[in-house]
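Novice: One structure coming up, written as structure tokens, with questions to follow.
FYI, it's all coordinate maths here, none of it is from the lab. This one's a predicted model, so the numbers in the text were calculated from it and none came from an experiment.
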Amino acid sequence: MLFTGGAAHQGFVAGRYRNGAFSDRWTDVLRCAELTFTAYAPACSCGWLGRTFPATEIGHLDSRRALVHEHLVPVPRRRRRSLGGAVLA
């Protein structure tokens, strides 16, 4: 399942294999054989990788929540005001 957060971001839940490598965005970790992964982690096509969670249904849900709330939610823009030609942030 992919989560889109704009053109540059396609978020997904990655599975960590026994050798420590993580699956790519094309792998549906829920459809893989049981015990294929040692953990789940939220990840993004931009290269961001969040903290790991247990390789359980709850861990998958927690990874999805972390992806949305820690990475894909846009950061509010700070309002800028100008003062005599200079822009202050």
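Novice: Using θ = phi - 60° and the Karplus curve 6.51 cos²θ - 1.76 cosθ + 1.60, what whole-Hz ³J(HN,Hα) does each residue of segment 12-18 get, with Gly and Pro shown as x?
Specialist: With the stated coefficients, segment 12-18 comes to 7, 9, 9, x, 8, 6, 4 Hz.
Novice: Under a 5 Å amide H to amide H cut-off, with H placed in plane at 1.01 Å, what residues pair with residue 49 once short-range neighbours are removed?
Specialist: Amide H neighbours of residue 49: none.
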